[in-house]
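Q: Please find one structure pasted underneath; my questions will follow.
Quick note: the coordinates plus some simple rules give every number you see, no bench work behind them. Fair warning: this is a prediction, and the values are worked out from it, not measured in the lab. Glycine also receives a Cβ, built like all others from the backbone with ideal geometry; neighbour counts cover every protein chain displayed.
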Amino acid sequence: MNTKISSPTAPAWAPAACLAGVLAAAAAVAAPVALAQQHRPTSFSKDVVAATPAPAVAVKATAMVTGLNRPWSVAWLPNGDMLVTERGGTLRRISADFKLDPKPIEGVPTVKVAGQAGLFDVVPHPQYASNGWLYLAYAEPSPTDDGEYGTALMRARLKDGRLADQQKLFAMSPKSRRGFHLGGKIVFDSKGFLYLTLGDRGEMARAQAPRDHAGSVIRLHDDGRVPADNPFVGKPDQLPEVFSRGNRNMQGAALHPTTGELWTHEHGPQGGDELNIIRAGRNYGWPTITYGVNYGTGTKIGESTPREGFEQPVHAWIPSIGISGMAFYTADAIPAWKGSLLVGGLSGQSLVRLVLDGERVVREERLLVGEVGRVRDVRMGPDGWVYLVNDAAEGSLWRVQPR
Ligand SMILES: [Ca+2]
């Protein structure tokens, strides 16, 4: 029996007809697509917010570190120190007692800074304490200096304030001069596979092009090798690094704490930010299906409706909140938040808490609205509190705690 289909939450919400279909699919040998996800009804932010009473826990945000220039991502090292990327191409170190080292870490690769392009995620290897590998995602300029660039992934070890032992592991192809939609989030799963989210570069048809990395999630071994069980390995009309496609621009990704599956969100066009569960070989629809519309004109993109062969989002934000950053809350510091999914809003200038019932969003709280500006990244710290960075030239690292 397919464990994804038989998850204990599925029968609770599935209409009887759908459930019968799900069970039939589960019984079929090697069913190509688990129907559970296609049949899960998408929830819409406006409906869930309207039905959500006051937040379970009122919170405040305290600026712990100021003077960060467009911070993009924050990560913790085993000793409690933090690393923060700044989109302009600098990597900063913050001590466990929140002192910002005035000297950036040296040796960061050359980063293209234009539009949304720059330095993106920093993530330590799950066994960082023993192997010292740090992973960085960034917009890499073309080596031929032709003005094109694309999202790339490298790893290095931090030695004496600089990045040593550098290895480039991946670069998206083809590159482009478009300063839009580069993704850039890195997640390791419990088996040590690495996922990197990408975007469509503002060239939306690329998200459906089979020999193009744009608009996909890629999956690699920690040293950059392509896993033999990736869904498109051995298919010459596809790319072996690709794990899923049809994604527009994923700037949030996290591993579900109990299922171990990769959840991502992506920016929609006008309206239609989405939350998705990323599964091998699936197509998430962009731009063929979307709940968003063209900016300004409000005209329709794609077919706008569910369609066979394309995954539906778990949740959709209409209007969009400019979604960025993602963390599952698993700590004990705020007991009422345990199991929640936290995401940030750039244009929405808020921290959004989603309460989940399995794969369904049942509550949506808007927190800290307007209090910290454009929320770029959301993380759970080792102390159990939630940390944010905000997208501003004078940005900060904020700690979120009950009021
Ligand atoms: Ca989609």
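Q: How big is the equivalent ellipsoid of segment 158-220 along its three axes, where each semi-axis is √(5λ) from the Cα gyration tensor, reported in whole Å from largest to smallest?
A: Output for segment 158-220: semi-axes of 26, 16, 10 Å.
Q: Here's something else I'd like to know. Given contacts defined as C-alpha pairs under 8 Å and at least six residues apart, what's the relative contact order of the chain, whole-number percent?
A: Averaging sequence separation for qualifying contacts and normalising by length gives 15 percent for the chain.
Q: State the extension gain, in nm to one decimal, for the chain segment bounded by Ala171 and His221, taking 0.36 nm per residue of separation less the distance between their alpha-carbons.
A: Fully extending the segment from Ala171 to His221 adds 16.5 nm.
Q: For the chain, just run the numbers: alpha carbon Rg, then divide by 2.2 N^0.38 Å, N being how many residues it has.
A: Normalised Cα radius of gyration, the chain: 0.94.
Q: Test of understanding: ordering Glu148, Glu308, Glu86 by Cβ neighbours within 10 Å, fewest first, what list do you get?
A: Glu308, Glu148, Glu86
Q: Calculate the dipole size of segment 348-393 relative to its Cα centre from +1 charges on Lys and Arg beta carbons and -1 charges on Asp and Glu beta carbons; express the result in debye to the nearest 20.
A: Rounded to the nearest 20 debye, it is 80 debye.
Q: Treating the beta-carbon of each Lys and Arg as +1 and of each Asp and Glu as -1, no other charges, what is the dipole magnitude of the chain about its Cα centre, to the nearest 20 debye?
A: The calculated dipole for the chain is roughly 160 debye.
Q: Can you compute 3J(HN,Hα) from phi for each residue in segment 133-142, using the Karplus curve 6.51 cos²θ - 1.76 cosθ + 1.60 with θ = phi - 60°, rounded to whole Hz and x for Gly and Pro?
A: 7, 10, 10, 10, 10, 7, 8, 9, x, 4
Q: Label segment 278-403 by shape, choosing from rounded, prolate and oblate, from the square roots a ≥ b ≥ c of the eigenvalues of the Cα gyration tensor; if a/c is under 1.5 it is rounded, and otherwise prolate applies when a/b is larger than b/c, oblate when it is not.
A: Note, shape of segment 278-403 comes out oblate.
Q: What whole number of Å gives the distance from the Cα centroid of segment 220-239 to the Cα centroid of segment 122-159?
A: 19 Å
Q: May I pose another question? In a GNM of the chain with a 10 Å cut-off on Cα contacts, which of Ser216, Ser142, Ser130 has the highest mean-square fluctuation?
A: Looking only at Ser216, Ser142, Ser130, the largest GNM fluctuation is found for Ser130.
Q: Could you estimate the translational diffusion coefficient of segment 72-130 from the Stokes-Einstein equation, with Rh from the Kirkwood formula over C-alpha pairs, at 37 °C and 0.692 mPa s, in whole µm²/s?
A: 270 µm²/s
Q: Could you work out [θ]222 nm for the chain from helices alone, using -39500 (n - 2.57) per DSSP H run of at least four and dividing by all its residues? Round to the nearest 500 deg cm²/dmol.
A: Roughly -2000 deg cm²/dmol at 222 nm, from the helical runs in the chain.
Q: Over segment 79-141, what is the relative contact order in percent, taking alpha-carbon pairs closer than 8 angstrom and at least six residues apart?
A: Answer for segment 79-141 is 28 percent.
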